[in-house]
Amino acid sequence: MKIVNVVGARPNFMKMAPLIEAMRAYPFICPLLVHTGQHYDANMSKDFFEDLGLPMPDVSLEVGSGSHAEQTARIMVEFEKVLLRERPDLTLVVGDVNSTIACALTSVKLGIPVAHVEAGLRSYDRTMPEEVNRVLTDAISDFLFTTERGAEVNLRREGISEDRIFFVGNVMIDSLLKHTRQAESSTVLEDLNLAPRGYALMTLHRPSNVDDRSSLERVLLAIASIQVRLPVVWPVHPRTRAKLAECGLGERQGPPAKGNLGLRMVEPQGYLNFLRLMENARLVLTDSGGIQEETTVLGVPCLTMRENTERPVTLEVGPNVLVGTDTGTIVREAMRVLDGQARPGTRPELWDGKAASRIVDILVARLGN
Ligand code: UD1
């Protein structure tokens, strides 16, 4: 049984690693790994392969950056050649990045079935490129593997038949639970001179936040207030770094002024370093999708700087709070956490480290027939 597995961008790698491992447990499965090259810097790609023990890709398409149309089209053209050569029984895609929709679409057009892992999440905000990728990928996939109950409801509402939907849990959490022990060996806290629970951790890369100067400024103003209470560590995504430079905002973040603990802008971190940073943070501020889920399992207070989330279970049972990008709201909610009023959370159903083997068992049962 030949399965072509697709990764392209940073959040794909930790979802794919447990799936490849689960496939390898079946001697008759031949898993091929294709990297589209949507992300290509070492700290956005290669470092994750090493940290996660993910095998090197069998095929690298090296498409690189571009407009949405350019990037998606380049992936499709190159991926079609791979499928024609390999003729797999299944293409497996994860998440909601451009590589996800590009490879799913290429595959179904060749009559090769598609499995989508992390299906059915909806922000109901079509200005997000990921939302368009999610809706379209789900519409054409044969196997829809969901992480939370609400995702099934979304898929049913879109007319997707019950026999294509499988609630299996969260493969990203499989990786998290597998690597928490290993992350303890990361020296990132010592390297950055941080005390456990003595800092806040921030990530910011959504186009709606960073491509818009005023929203970027509102967030930075909030951080200016928060870092008076505790240091804020900010691994800066390449998109954000470019926008900061373009807006002339980057150079404001110099050494901490007297009385301030400071904003520490650092390079994007590898998986194990970032996991250690998250686990030990007093507070996480983010606009990422996956980090909302990871902080939910780690029980670390998370303020999500977005107006909506496609992962509502993190609000319902986790410690996640939506704060948007209003400066006052971000600061108020951050202070609540720092004053000991964080919302407690519990772990969502089936986020137990076994999602990947559930998925592979289902694929074997269905495709084996
Ligand atoms: C992509 C995903 C987003 C995901 C994010 C995680 C889409 C539509 N977006 O957004 O869902 O949350 O990855 O990081 O698929 N760049 C580099 N080096 C790299 C990669 C990118 O410098 O290795 C720079 C390039 O200037 C590029 C920009 O970052 O133009 C944005 O990269 P791109 O892959 O287009 O989107 P992301 O913002 O990373």
Relative contact order, percent, segment 181-338 [alpha-carbon distance under 8 Å, six or more residues apart]: 26
Pick from R74, R157, R206: which residue has the top mean-square fluctuation in a GNM of the chain where Cα pairs under 10 Å get a spring? R157
Helix 129-140 versus the longest principal axis of the chain: what is the Cα-based angle in degrees, 0 to 90, to the nearest 10? 20
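Net charge within 11 Å of P18 by Cβ-Cβ distance, Lys/Arg positive one each and Asp/Glu negative one each, not counting P18 itself?
Numbers: positive: K15, R24, K178, K354, R358; negative: E21, D174.
Local charge sum for P18: +3.
Scale the Cα Rg of segment 181-338 by the rule-of-thumb value 2.2 N^0.38 Å and send over the ratio, two decimals. All intermediate terms of the calculation are to be shown ahead of the outcome.
Details: Rg = 14.5 Å, N = 158, 2.2 N^0.38 = 15.1 Å.
Normalised by 2.2 N^0.38 Å, the Cα Rg of segment 181-338 equals 0.97.
From the C-alpha gyration tensor of segment 7-46, pull out the three semi-axes of the equivalent ellipsoid (sqrt of 5λ each), sorted largest to smallest, in whole Å.
Ellipsoid half-lengths, sorted descending, are 23, 10, 7 Å.
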Degrees between helix 213-226 axis and first principal axis of the chain (Cα, 0 to 90, nearest 10): 60
Using the Kirkwood radius built from alpha carbon pairs, what does the Stokes-Einstein equation give as D for the chain at 20 °C and 1.002 mPa s, in µm² per second? 102
Tell me, what does the Kirkwood hydrodynamic radius of segment 1-157 come to in angstroms if you use every pair of distinct C-alpha atoms? 15.6
Would you compute, from DSSP H runs of 4+ residues alone, the mean residue ellipticity of the chain at 222 nm, taking -39500 (n - 2.57) per run and dividing by the full residue count, rounded to the nearest 500? -13500 deg cm²/dmol
Please check: in the Gaussian network model of the chain (C-alpha springs, under 10 Å), which one of L105, L192, L144 has the largest mean-square fluctuation. L192
In nanometres, the difference between 0.36 nm per residue of separation and the alpha-carbon distance of L192 and Q341 is 50.9 nm
Net length gained if the chain between E158 and D326 were fully extended (0.36 nm per residue, minus Cα distance): 57.2 nm
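Please tell me which of these pairs span more than 28 angstrom C-alpha to C-alpha: K81/K243; K81/K178; K243/K354; K15/K109?
Table pairs above 28 Å Cα-Cα are K81/K243; K81/K178; K243/K354.
Per residue, how many Å² of accessible area does the chain show with a 1.4 Å probe?
That works out to 40 Å² for each residue.
The values are calculated or read from the model by the stated rules, or taken from the named source; none is laboratory data. Quantities reported herein were computed from a predicted structural model and do not represent experimental measurements. When we count neighbours, we look across all protein chains shown, and the Cβ atoms used for this are built from the backbone with ideal geometry, even at glycine. Areas reflect the complete protein model, heavy atoms only, side chains present, ligands, DNA and RNA absent. Shrake-Rupley method; radii C 1.70, N 1.55, O 1.52, S 1.80 Å.
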